[in-house]
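Working notes for the structure below.
The values are calculated or read from the model by the stated rules, or taken from the named source; none is laboratory data. These figures come from a predicted structure and were not determined experimentally. Backbone-built Cβ (ideal geometry, glycine too); neighbour counts: all protein chains shown.
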């Protein structure tokens, strides 16, 4: 089971704001090139986003469904990967002083991915998680820095509410 953690230098609320925006999934999930919500209210249980994976000239469209969520602290997803089957991905946010400890736990759930799972695949998932969590950290930290800069300049900040709706 691939479990990895990363300390992000912003609070859990700021990290949740990124996770709660289904249109930003491709910005932090390694391997995806585009994403958009397709049903439900992301990140509520049952909501789904469609994402695209590009492998050279080949484009694969897949879907990720929210299986469980606890507002601001936990998001459990089932990522569909075509012939490879599905994976369960649990993302937990814990306050760590003024920062956020993000813990990702991923493992194959159904299909060929589970049957092929071994130490080598586990190592690749760990590398993917390392890159994914670094991307998530950069994105969250940049969003907070940008908002602070706007506030310092007296500008109105644009953000997302809990439903992912953009507002000023």
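List of remarks:
- Scan region 90-102 for residues that are surrounded by fewer than 16 Cβ atoms within 10 Å (Cβ to Cβ) and more than 9 Å from residue 7 (Cα to Cα) and the total you get is 4.
- Inside region 109-127, residues that are touching a strand residue (DSSP E or B) at 6+ places or on another chain (Cβ under 7 Å) and without any contact (Cβ under 8 Å) to a residue 24 or more places away in the chain make up a count of 1.
- In region 1-17, residue surrounded by the most Cβ atoms within 10 Å (Cβ to Cβ) [restricted to those that are within 14 Å of the chain's Cα centre (by Cα) and more than 11 Å from residue 140 (Cβ to Cβ)]: 4
- Those residues of region 79-106 which are in contact with a helix residue (DSSP H, G or I) (Cβ under 8 Å, 6 or more places away or on another chain) and either closer than 20 Å to residue 30 by Cα or free of Cβ contacts under 8 Å to residues at least 60 places away in the same chain (or both), in sequence order: 81, 83, 84, 85, 86, 87, 91, 93, 102, 104, 106
- Of the residues screened, residue 147 is not one that is assigned to a loop (DSSP other than H, G, I, E, B), closer than 21 Å to residue 27 by Cα and at pLDDT below 95.
- Where a residue in region 31-42 is free of Cβ contacts under 8 Å to residues at least 40 places away in the same chain and at positive phi and its partner, wherever it lies, is in a strand (DSSP E or B) and surrounded by 16 or more Cβ atoms within 10 Å (Cβ to Cβ), with Cβ under 9 Å and at least six apart: 40/48; 40/65; 40/66
- Taken over region 68-83, the residue count meeting the criterion of being more than 15 Å from the chain's Cα centre (by Cα) and surrounded by fewer than 17 Cβ atoms within 10 Å (Cβ to Cβ) is 2.
- Taking the listed residues 164, 159, the one that is at pLDDT below 85, buried (at least 17 other Cβ atoms within 10 Å of the Cβ), closer than 17 Å to residue 27 by Cα and touching a helix residue (DSSP H, G or I) at 6+ places or on another chain (Cβ under 9 Å) is 164, with no other qualifying.
- Residue count, region 20-57 (criterion: surrounded by 15 or more Cβ atoms within 10 Å (Cβ to Cβ), over 14 Å from the mean Cα position of the chain (by Cα), at pLDDT 90 or above and not in a loop (DSSP other than H, G, I, E, B)): 1
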